[in-house]
Amino acid sequence: NATPKTANGAKNRLRNLGLLALCTVIIAVGVYAVIKFIPVSDGQTQINPDGLSVTAISKPIDTITEISVVQADNEYTVVLDKDENIWRIEGIDSELTNSDTIATFVSACTSLTAQRRLENNGADFGLNSPYLKISVNYEDTKMNYDITVGGQTADKKSRYFSVTGDSGIFVVDSETTL
């Protein structure tokens with residue numbers, strides 16, 4: 001039997017994860033729809049001037065050991081339950097989570113298309129105090145990378161993000177599931 005405090009904590013974590021997963025799904029769906037409608041602000045050099053989306057992340061999913069997520073005061077670790085072959089949030093009973101939503105999040109962390117890629121001109125883009133930090137860890141630690149999600153664009157419809165190993169700054173619709 002769970003104490004009320006433990007049950008409330010699990011419900012809060014589940015609610016926060018659900019909100020995080022919902023945001024990720026919405027962002028992924030909205031990326032293509034807004035690609036051509038977001039102008040480049042002054043001072044930004046757009047690397048893909050044709051306005052087409054760019055691949056920001058294309059990594060394998062099969063050898064991931066865990067994905068750590070930090071947003072403000074919330075921290076989660078997503079792991080593959082090899083017995084049940086489902087992704088779950090460590091520390092939360094798998095019956096309390098939606099494994100499909102978690103799998104969608106894991107997929108977005110390994111295959112993400114951005115609206116555009118900007119030259120990193122030294123501007124902060126909100127990446128020094130990130131909105132969200134995701135660490136993707138593999139069996140082969142040389143493949144590990146971080147996704148840092150920063151501030152919103154001037155029109156408040158998108159967010160800037162960076163990926164370890166790429167010098168550019170990417171722009172993704174705020175509704176993408178990250």
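The values are calculated or read from the model by the stated rules, or taken from the named source; none is laboratory data. From a predicted model like this one, the values you see are computed outputs, not experimental measurements. Please note: Cβ atoms are built from the backbone with ideal geometry, for glycine as well, and neighbour counts cover all protein chains shown. For accessibility, only protein heavy atoms count, side chains too; no ligands or nucleic acids. Shrake-Rupley method; radii C 1.70, N 1.55, O 1.52, S 1.80 Å.
Taking the numbered list (1) in a loop (DSSP other than H, G, I, E, B); (2) within 16 Å of THR164 (Cβ to Cβ) in turn, ASP83 passes all entries but (2).
For residues in region 153-178 being among the polar types (S, T, N, Q) and surrounded by fewer than 16 Cβ atoms within 10 Å (Cβ to Cβ), which is farthest from the chain's Cα centre (by Cα)? Before you say what the answer is, go through the steps one by one.
Taking region 153-178 first, the residues among the polar types (S, T, N, Q) are 153, 158, 162, 164, 167, 174, 176-177.
If we keep only those that are surrounded by fewer than 16 Cβ atoms within 10 Å (Cβ to Cβ) too, we end up with 164, 167.
Numbers: THR164: 13, SER167: 18 Å.
Once the filter is applied, the top-ranked residue is SER167.
Taking the conditions exactly as written (under 22 Å from THR63 (Cβ atoms), touching a residue at least 40 places away in the same chain (Cβ under 8 Å) and open to solvent by 50 Å² or more (accessible area, probe 1.4 Å)), does LYS133 satisfy them or not? Yes.
Consider GLU90 carefully, then state whether it is touching a Gly at 6+ places or on another chain (Cβ under 9 Å), in contact (Cβ under 8 Å) with a residue 12 or more places away in the chain and surrounded by fewer than 20 Cβ atoms within 10 Å (Cβ to Cβ). Spell out how you get there, then give the answer.
On the way: touching a Gly at 6+ places or on another chain (Cβ under 9 Å): no; in contact (Cβ under 8 Å) with a residue 12 or more places away in the chain: yes; surrounded by fewer than 20 Cβ atoms within 10 Å (Cβ to Cβ): yes.
When the stated conditions are applied, GLU90 does not pass them.
Between LEU96, LEU112, which is open to solvent by 40 Å² or more (accessible area, probe 1.4 Å) and in contact with a Leu (Cβ under 8 Å, 6 or more places away or on another chain)? Within the list LEU96, LEU112, the selection yields LEU96.
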